[in-house]
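Contents: one structure, followed by commentary.
Values in this text are rule-based calculations from the coordinates and carry no lab data. This structure is a prediction, so every number in the text was calculated from the model and none was measured. Cβ placement follows ideal geometry from the backbone for every residue including glycine, while neighbour counts extend to all protein chains displayed.
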Amino acid sequence: MDMQLGAKREWRPVTVELFSNREVKVESLDAPVYQSALNMREAGEIVLVDLPSGGATMSISSPSQVYELRVPKEGQVLHRWERKLNSLFPQLDVSIRKEGWLEKKGDTLFQKRWCVMTSQNKLHYYKDVNSDKEQGTIDLSVAYAVSDIKQGLGFEIATPGRTWTFKAEDKSTQAAWMASLSAMLNDLRELKKEQQAATGYTVLKASEGAMRDDREDRDAIRGAEWTHAMWWELSSTGELRILESEGGSAAITLKLENIVKVDRCRDRNDWHDWCLDIDVEQSDEEFTITMKPYGRSEMQSWLGILKEQVTIHAKRNAEGAAGSLTVEQAGWMKMVLKDKSLDRKFVVLVTEQKEVAEAMTVTHTLYWFESEESSKDLMSNKGALDLEEVEDIETVGGKCLKLVTEAGWPLELTPEAQHTLDEWKLGFRHTCVNADGYEAPEEAAPVPTGASKGSDSVIFRDPFKIAVPKDGGKGTLWVGYVCELLEDGTFVYSLEDPASKDDLPSDWAGGRIDVKRAIGVWLLGQSGFRHLDIILPGKKLALSADKEATLDRWKKALLEQMPHRPVQEMHRGWLEKKGEEGTSGAGNWKMRYFVLLSSRELLYFENEGSTKRKGTIDLKSAQCVQVMPEEVYNYEDAFEIVTGKRHWILCPASKKEQQQWLTALRPLIAEEGAGEDLGDSRAKSFARTQSVKSSGGREKRMSVSAATRTSRTLSLV
């Protein structure tokens, strides 16, 4: 590593050794010779700073001297030194307050990690106790709370943008971590109270980081326009201040109400990888301030709290809002959350229609407030629950409703007006779309012109060939059926030849489906080889007819049975995408966030929070989706989507995620493959039938709007 030496404090290479007598000895590697020793028992402070280059600096202060050490690129070397010194010398300002093994929850699985909580209000986690490089850091200075998970050994740390879940080995370890974390958060709250009393505001987050202002030096070479070592402070007054140094004068002050967007840097490369773009509109000026915190974890912490605070302080200006909020139910409730009483709250059940990925989606949220007056501003809520997370709705004692979430924790609601209990229960059954007992709201389906009256009246009756899966989904068999579309929206199919049912899977001998539950009706294929696909949650019916006019007529009638069906999300998640050969950045792999829509489009974005998509894979023109036959540049779980113009090669993080994507994609793609035909050889190149299920293995229903519902409507901000 390097050390600042001499009168000019120049960086020179040195060796640093820690001996059993607690002395740190330093010796230069080149002339002039330099040797020194520091008794670490006399040291008073260690300050470690990560550099944008991946390196780090560390200062060790004693009454007589300050050692300034640097590793230009391998910052984990100094991280290892810091951990070792802090464990040996508790008198240092940066000390370990607790450490030990915990299991940390990732996207789906728990993994064992060595966790270290320091007096700098950070919880670091490592792959093992001897690891040089941390896996990540949780910024406890911005955490809301820590809470244990009932009926288990886990606990949760809630921070802006993410809730972190850990699991201990036993009850005593869980209790010890809860006590240490709660004590640290209590200390932080007391410090903020003192700061509020002394200054009239609190600093929500502060740290050092580089800055770039695109209003200046626009033509400068990369990096020349950056101002390093600025001090960033986010204030409870709704201001982001950028100071020359900690405690120094303000270079720039931004009001959060003028910030229109905060997101990962758009020009990502090695230098910009952990940068944030802050888009500002004030007066007649539009500009972007780019922030570069020192490290990935610090970037994530800033991103979470900035997005939260910008939303809270955003201007209440509804001009050009794309969507609406509908209050389905409202009233006073007594609330109990995770066995903790929240006392009396005004509760509002809201349906939100908004534009996502250039399509309208519908979501349902339960908010609670301190008063009925404060409920007029949703941003003043005291808490909220996305009702897609609810797995069960229970009635307790005839007076209380209990919503049980995917995470296992309950929310109990007791209406003060007991006569509204049944109304609330029905409201939840219509909006908790993934709960047991979910009831889709009734929709008004118009009767096509010329159809006969009566719920069982037949609109159309025609023979079709339907693709039936065979050999466990490895192929298709085209079988003759007589199909009927009834006036009430029911599609009935029965075998032309009842004797053939012995050759078919038992669930394909005939049946009835509710067309109003369909999420797509598509007419696919080239002229002379067209087929009609009806896509439902968990199933697809592919129909072929002798005349294309029959397919056209049925498509129109089926669509009339589902007039209010919005485009829906089928699956989402991170994938690495291989660049196209011969283009800029050819062949490079880039991480992108993908969203699969029922409109047979696979959209991809720079990150999960992006509103502008990077591109679209049109699945309507796709020929197949298949696992790559062998590893692609060490990407062993890659799969490809073949379209007329391109082979799209994508790779998820695991084999399990690969299967989830394939399960979601296959019903939306007409795959090339020879099918056997009972009596008709013209339909040989159509899709296999696969079920669509969520990662948990159960059918995942997305929210749909209740088109006939009337209630109070608010404009979106």
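Odds and ends about this structure:
- Formal net charge of residues neighbouring Tyr493 (Cβ-Cβ distance under 9 Å; K, R +1; D, E -1): 0
- Partners of Lys127 within straight-line reach, counting lysines whose Cα lies under 17 Å from its Cα and excluding those fewer than 8 residues away in the same chain: Lys84, Lys98, Lys104, Lys105, Lys112, Lys167.
- Charge dipole (debye, nearest 20) of segment 105-199; +1 at Cβ of Lys and Arg, -1 at Cβ of Asp and Glu: 160
- ³J(HN,Hα) computed for each position of segment 20-28 - Karplus, 6.51 cos²θ - 1.76 cosθ + 1.60, integer Hz, glycine/proline x: 5, 7, 6, 9, 9, 10, 10, 9, 6
- Virtual spin-label span in nm between Lys501 and Phe110, 7 Å along Cα→Cβ: 4.8
- Rounded to 0.05, the FRET efficiency of the Val203 and Ala509 pair, given R0 = 56 Å and the Cβ-Cβ distance, is 0.20.
- Per-peptide average of other Cβ atoms within 10 Å, ordering 24-33, 205-214 highest first: 205-214, 24-33
- Added length on full extension, which subtracts the Cα-Cα distance from 0.36 nm per residue, Asp187 to Ser236: 15.8 nm
- Stretched out straight at 0.36 nm per residue, the stretch from Glu580 to Ser119 would grow longer than its current Cα-Cα span by 161.2 nm.
- Pairwise FRET efficiency - Lys340 versus Lys133, Cβ, R0 = 30 Å, nearest 0.05: 0.20
- Formal net charge of residues neighbouring Asp618 (Cβ-Cβ distance under 11 Å; K, R +1; D, E -1): +3
- Separation of the Asp170 and Lys255 label points, Cα + 7 Å toward Cβ, nm: 5.8
- Length released on extending from Lys382 to Glu630, taking residue separation times 0.36 nm less the Cα-Cα span: 84.1 nm
- Calculated FRET efficiency for the pair Thr163/Ala37, C-beta based, R₀ 51 Å, to 0.05: 0.60
- Per-peptide packing, taken as the mean over residues of other Cβ atoms within 10 Å, places 56-65, 188-197, 290-299 in the sequence 290-299, 56-65, 188-197 from highest down.
- About the centre of its Cα atoms, segment 569-669 shows a dipole size close to 380 debye [charges on the beta carbon of Lys, Arg (+1) and Asp, Glu (-1) only; nearest 20 debye].
- Label sites at Ala179 and Glu372, each approximated as a point 7 angstrom past Cα along Cα to Cβ, lie 4.7 nm apart.
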